[in-house]
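The values are calculated or read from the model by the stated rules, or taken from the named source; none is laboratory data. The shown structure was predicted, so the numbers you read here are calculated from the model rather than taken from an experiment. Note that each Cβ is placed from the backbone with ideal geometry, even for glycine, and that neighbours are counted across all protein chains shown. Surface areas here come from the heavy atoms of the whole protein model, side chains and all, with no ligands, DNA or RNA. Shrake-Rupley method; radii C 1.70, N 1.55, O 1.52, S 1.80 Å.
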Amino acid sequence: MCPFHQRMERSRLRQGRWRLETQQGGFARAMPTLTIRDVRTILTCPSGSRLVVVKVETSEPGLYGLGCATFTQRPLAVKVAVDEYLRPFLLGKDADRIEDIWQTSYQNSYWRNGPVLNNAISGVDMALWDIKAKRADMPLYQLLGGKCREGAVVYRHADGRDPQEVEDRVRAFVEQGYQYVRVQMGGYGGRGWRSFLSTDAAPRGLGRIRGELTERPPRPAPEQALPGSYYDPRAYALSVEALFDHLRSQLGFDVELLHDVHERLAPIDAVGLAKALEPYKLYFLEDPLAPEDLEWFQMIRSQTTTPIAMGELFNHPREWTPLITNRLIDFMRMHISEMGGITPARKVAAMGEAFGVRTAWHGPGDVSPVGHAANLHLDLVCVNFGVQEFSGFTDAEQEVFPGCPEVRGGYMYPNERLGLGVDLDEEKAAQHPPFAGPDSWTLTRRPDGTAARP
Ligand code: GCO
Ligand code: MG
């Protein structure tokens with residue numbers, strides 16, 4: 001046995017891990033069975049988003065794994081699914097059988113493919129991958145096949161009240177080394193303000209939009225209109241065109257720009273916007289349609305070459321499979337825990353590779369640092385990686401989650417620690433208890449008071 005494996009063998013024997021035996025020039029390995037000793041759910045809210053993390057403890061003292069199960073709008077529902085249903089189902093099971101545990105957990109509820117149960121399964125699934133890589137003495141990306149790149153390029157969010165404010169924020173990110181920036185004006189759906197083009201505007205080479213944007217009060221709502229977060233879809237669509245006209249004429253085309261429609265438009269207006277934005281060469285236009293309107297993607301495809309990204313709301317294979325296999329999207333944006341974790345995500349990423357669809361996993365503030373690490377390990381090993389969303393880690397988050405991936409010069413890097421590489425300080429997590437009750441931003445309404453998708 002070569003000196004390297006003698007050293008490996010000695011360290012594993014010391015750790016009572018597994019034995020390397022040579023047989024006819026090969027290596028055989030006998031791994032002692034590792035059973036699941038406990039499954040616990042930790043809720044914490046260090047930076048305003050309620051995060052859900054699952055900790056799986058094993059029969060090997062000190063060997064545990066962490067997984068992200070964050071459904072930030074319904075954290076308690078996920079906790080119950082894990083504590084009351086998955087935990088009793090998993091205790092004593094062989095922690096190495098990740099695929100079988102995924103399949104049986106998925107089938108066990110009979111009804112399946114929902115945001116609560118998928119997130120619960122994801123928490124366990126990611127934790128089991130974390131454990132297996134720790135046991136193999138390597139960062140997870142090594143176990144998944146090794147690096148295709150040294151770091152994952154990320155995009156940041158630039159939001160502002162008007163085009164100038166958005167431009168300033170984009171410039172600030174570019175100065176920090178970011179090459180990809182998502183631009184929004186007034187948040188999703190351009191809350192509240194209506195943009196009108198000044199009457200003396202004239203066409204310019206770049207696009208069809210011209211002239212200054214002026215703010216106008218929202219369209220009048222009917223009497224006794226119900227409370228909610230009102231926005232005006234048509235005015236929003238116009239403001240996005242004007243925003244990109246401004247940004248491209250001020251910034252040029254060096255910086256890659258992205259925009260999230262957040263399913264805020266009627267399908268035909270989404271087709272119109274995707275077409276109107278073509279001259280501005282977006283890296284991608286996200287969620288132009290809602291999961292309920294998938295058939296409209298064909299029309300977008302037939303009308304424009306603006307790259308399309310979709311998927312953060314998906315939790316059913318029948319949502320992502322037709323879009324990928326019919327090449328109706330260019331980027332898959334799934335929230336990995338919403339799919340059920342690393343096990344399904346790596347399979348769908350491989351499917352995407354076959355159909356020219358790249359990954360751009362969901363990565364805003366309501367993904368825990370454990371989930372961000374899972375995104376990163378997949379980003380490093382998938383040849384069809386596109387870009388990774390990143391919204392920054394606060395100091396409080398980094399305290400609660402030691403080992404957060406590092407971002408430098410616009411790239412996210414692994415910390416080369418074993419497994420996912422992120423840990424959780426339970427005492428610190430407990431200092432940030434989650435707030436109770438439903439979110440308010442999702443109570444969106446159109447100008448006439450009709451409830452709209454958030
Ligand atoms: C994004 C998303 C998020 C979601 C949020 C919901 O592209 O990052 O659209 O901002 O709105 O995750 O809780
Ligand atoms: Mg989005």
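Specify the residue that is nearest to the chain's Cα centre (by Cα); the eligible residues are those in the range 142-180 that are under 25 Å from Asp232 (Cβ atoms) and among the β-branched types (Val, Ile, Thr).
Residue satisfying both the conditions and the ranking: Val170.
Kindly indicate whether Gly403 is among the small types (Gly, Ala, Ser) and surrounded by fewer than 21 Cβ atoms within 10 Å (Cβ to Cβ). It would help to see each step written out before you state the result.
Working: among the small types (Gly, Ala, Ser): yes; surrounded by fewer than 21 Cβ atoms within 10 Å (Cβ to Cβ): yes.
Here the answer is yes, as Gly403 does meet what is asked.
With respect to Arg219, is the statement that it is open to solvent by 30 Å² or more (accessible area, probe 1.4 Å) and basic (Lys, Arg) true? Full working, then the answer.
Working: open to solvent by 30 Å² or more (accessible area, probe 1.4 Å): yes; basic (Lys, Arg): yes.
When the stated conditions are applied, Arg219 passes them.
Any idea which of Glu319, Glu338 is assigned to a helix (DSSP H, G or I), within 16 Å of ligand 2 (Cβ to nearest atom) and open to solvent by 30 Å² or more (accessible area, probe 1.4 Å)?
Values: Glu338 fails: open to solvent by 30 Å² or more (accessible area, probe 1.4 Å).
Only one candidate qualifies: Glu319.
Residues Leu226, Leu251, Leu243, Leu247: which one is away from ligand 1 (no atom under 16 Å from the Cβ), modelled with pLDDT of 90 or more and open to solvent by 40 Å² or more (accessible area, probe 1.4 Å)? Can you show your working first?
Working: Leu251 fails: open to solvent by 40 Å² or more (accessible area, probe 1.4 Å); Leu243 fails: open to solvent by 40 Å² or more (accessible area, probe 1.4 Å); Leu247 fails: open to solvent by 40 Å² or more (accessible area, probe 1.4 Å).
Only one candidate passes the filter, namely Leu226.
With respect to the numbered conditions (1) under 24 Å from Arg301 (Cα atoms); (2) within 16 Å of ligand 1 (Cβ to nearest atom), which one is the sole condition not fulfilled by Leu323?
If we test Leu323 against (1) under 24 Å from Arg301 (Cα atoms); (2) within 16 Å of ligand 1 (Cβ to nearest atom), just (2) comes out false.
Considering only the range 374-428, state which residues are among the hydrophobic types (A, V, I, L, M, F, W, C) and closer than 27 Å to Glu175 by Cα.
Listed by number, the residues that qualify are Leu376, Leu380, Phe385, Val387, Phe390, Phe393, Ala396, Cys404, Val407, Met412.
Just the residues that are more than 16 Å from ligand 2 (Cβ to nearest atom) and hydroxyl-bearing (Ser, Thr, Tyr), please, taken from the range 238-296.
Within the range 238-296, Ser239, Ser249, Tyr280 qualify.
Every residue in the range 370-387 that is more than 16 Å from ligand 2 (Cβ to nearest atom) and touching a strand residue (DSSP E or B) at 6+ places or on another chain (Cβ under 9 Å), please.
The initial filter retains those residues of the range 370-387 that are more than 16 Å from ligand 2 (Cβ to nearest atom), namely 370, 373-374, 376-385.
Residues satisfying the conditions are Val370, Ala373, Ala374, Leu376, His377, Leu378, Asp379, Leu380, Cys382, Asn384, Phe385.
Quick test for you: out of Ala374, Ala345, Ala349, Ala396, pick the one residue that is open to solvent by less than 10 Å² (accessible area, probe 1.4 Å), within 23 Å of Arg417 (Cα to Cα), away from ligand 1 (no atom under 16 Å from the Cβ) and of a type in the set (Gly, Ala, Ser).
Details: Ala374 fails: away from ligand 1 (no atom under 16 Å from the Cβ); Ala349 fails: within 23 Å of Arg417 (Cα to Cα); Ala396 fails: open to solvent by less than 10 Å² (accessible area, probe 1.4 Å).
None of the other options fit; the residue is Ala345.
With respect to Val367, is the statement that it is modelled with pLDDT of 95 or more, within 16 Å of ligand 2 (Cβ to nearest atom), under 29 Å from Trp320 (Cβ atoms) and assigned to a loop (DSSP other than H, G, I, E, B) true?
Values: modelled with pLDDT of 95 or more: yes; within 16 Å of ligand 2 (Cβ to nearest atom): yes; under 29 Å from Trp320 (Cβ atoms): yes; assigned to a loop (DSSP other than H, G, I, E, B): yes.
Answer is yes for this residue.
Looking at the structure I just gave you, is Ser302 within 16 Å of ligand 2 (Cβ to nearest atom) and part of a helix (DSSP H, G or I)?
Working: within 16 Å of ligand 2 (Cβ to nearest atom): no; part of a helix (DSSP H, G or I): yes.
No, not satisfied.
Among the numbered criteria (1) out of contact with any Lys or Arg (no Cβ under 6 Å at 6 or more places or on another chain); (2) open to solvent by 10 Å² or more (accessible area, probe 1.4 Å), which one does Glu263 miss?
(1)
Looking only at the range 326-341, filter to residues that are of a type in the set (A, V, I, L, M) and closer than 17 Å to Thr304 by Cα; which one of those is nearest to ligand 1 (Cβ to nearest atom)? Lay out the reasoning, then the answer.
Applying the first criterion (of a type in the set (A, V, I, L, M)) to the range 326-341 yields 328-329, 332, 334, 336, 339.
This time we only want the ones that are closer than 17 Å to Thr304 by Cα, so: 328-329.
Numbers: Leu328: 19, Ile329: 14 Å.
Ranking the qualifying residues of the range 326-341, first place goes to Ile329.
What residue, of Gly123, Gly146, Gly151, is small (Gly, Ala, Ser) and crowded, with 23+ Cβ neighbours inside 10 Å? So that I can check it myself, show each step before the final result.
Numbers: Gly146 fails: crowded, with 23+ Cβ neighbours inside 10 Å; Gly151 fails: crowded, with 23+ Cβ neighbours inside 10 Å.
One residue alone meets the criteria, Gly123.
Test Ile336 against the stated conditions and say whether it is under 18 Å from Met126 (Cβ atoms), modelled with pLDDT of 95 or more, more than 11 Å from the chain's Cα centre (by Cα) and of a type outside the set (Phe, Trp, Tyr). Walk me through it before giving the result.
On the way: under 18 Å from Met126 (Cβ atoms): yes; modelled with pLDDT of 95 or more: yes; more than 11 Å from the chain's Cα centre (by Cα): no; of a type outside the set (Phe, Trp, Tyr): yes.
When the stated conditions are applied, Ile336 does not pass them.
What pairs can you find where one residue is in the range 372-393 and under 18 Å from His157 (Cβ atoms) and of a type in the set (Gly, Ala, Ser), the other is within 16 Å of ligand 2 (Cβ to nearest atom) and assigned to a loop (DSSP other than H, G, I, E, B), and their Cβ atoms are less than 7 Å apart, with a gap of 6+ or different chains?
Gly386/Ala360; Ser391/Gly363; Ser391/Pro364; Ser391/Gly365
Where the second residue is more than 12 Å from ligand 1 (Cβ to nearest atom) and of a type outside the set (A, V, I, L, M, F, W, C) and the first is open to solvent by 10 Å² or more (accessible area, probe 1.4 Å) and lies in the range 284-295, which pairs have Cβ atoms under 8 Å and are six or more apart or on separate chains?
Pro291/Glu319; Asp293/Pro267; Leu294/Glu319; Leu294/Pro322
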